[in-house]
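Below is one structure, written out as structure tokens; comments come after it.
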Amino acid sequence: MTVPDELRYTEEHEWVSAGAREGTLRVGITEYAQDQLGDVVFVDLPETGTTVTAGEPFGEIESTKSVSELFAPVDGEVTAVNEAVTEAPEVINSDPYGEGWLIEITPADPAAVDGLLDAEAYQKLIEG
């Protein structure tokens, strides 16, 4: 199971990286999460401009097995939504750390990302 060192992680199995624009964070689900979900068939994401709160749901992801909530890793504003995953959600299964990203957030506090799990801590979490 891939756990890239350069990313930060949440206990809800989302990853966070620097976004495409300066000062933004890109968010997606981890390889572990997509593996647990199975084939992703639908994603419900917020609109650009939506305010999100750390630890609170911002959308849903549906697979052939279940429906799960997606949780914001930090407080902030949604500044981009990956429309490609709403049109072809299976890309989350094939490329969870790349083309399968979900949203970008401009964080209210850029330092908040420092409170997320590093790769080593996330690896321990998924190994139980």
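The values are calculated or read from the model by the stated rules, or taken from the named source; none is laboratory data. Nothing here was measured: the structure is a model prediction, and the numbers come from that model. When we count neighbours, we look across all protein chains shown, and the Cβ atoms used for this are built from the backbone with ideal geometry, even at glycine. For the accessible areas, the whole protein counts, side chains as well, though only heavy atoms, and no ligand, DNA or RNA atoms are used. Shrake-Rupley method; radii C 1.70, N 1.55, O 1.52, S 1.80 Å.
Structure data summary
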quantity	calculated
Sole residue being over 12 Å from the mean Cα position of the chain (by Cα) and of a type outside the set (Gly, Ala, Ser), chosen from 11, 60, 69, 77	77
Any chance residue 88 is open to solvent by 50 Å² or more (accessible area, probe 1.4 Å), of a type in the set (A, V, I, L, M, F, W, C) and free of Cβ contacts under 8 Å to residues at least 24 places away in the same chain	no
Search result, residues across the range 35-55 that are assigned to a strand (DSSP E or B) and more than 20 Å from residue 84 (Cα to Cα)	51, 52
Positions within the range 86-107 being farther than 23 Å from residue 23 by Cα and in contact with a Gly (Cβ under 8 Å, 6 or more places away or on another chain), in sequence order	91, 92, 93, 94
Matching residues, the range 77-91, being over 24 Å from residue 51 (Cβ atoms) and part of a helix (DSSP H, G or I)	87, 91
Among the candidates 78, 41, 85, residue that is of a type in the set (A, V, I, L, M), at pLDDT 95 or above and closer than 26 Å to residue 123 by Cα	85
Residue within the range 60-71 that is of a type in the set (Lys, Arg) and surrounded by fewer than 16 Cβ atoms within 10 Å (Cβ to Cβ) present	yes
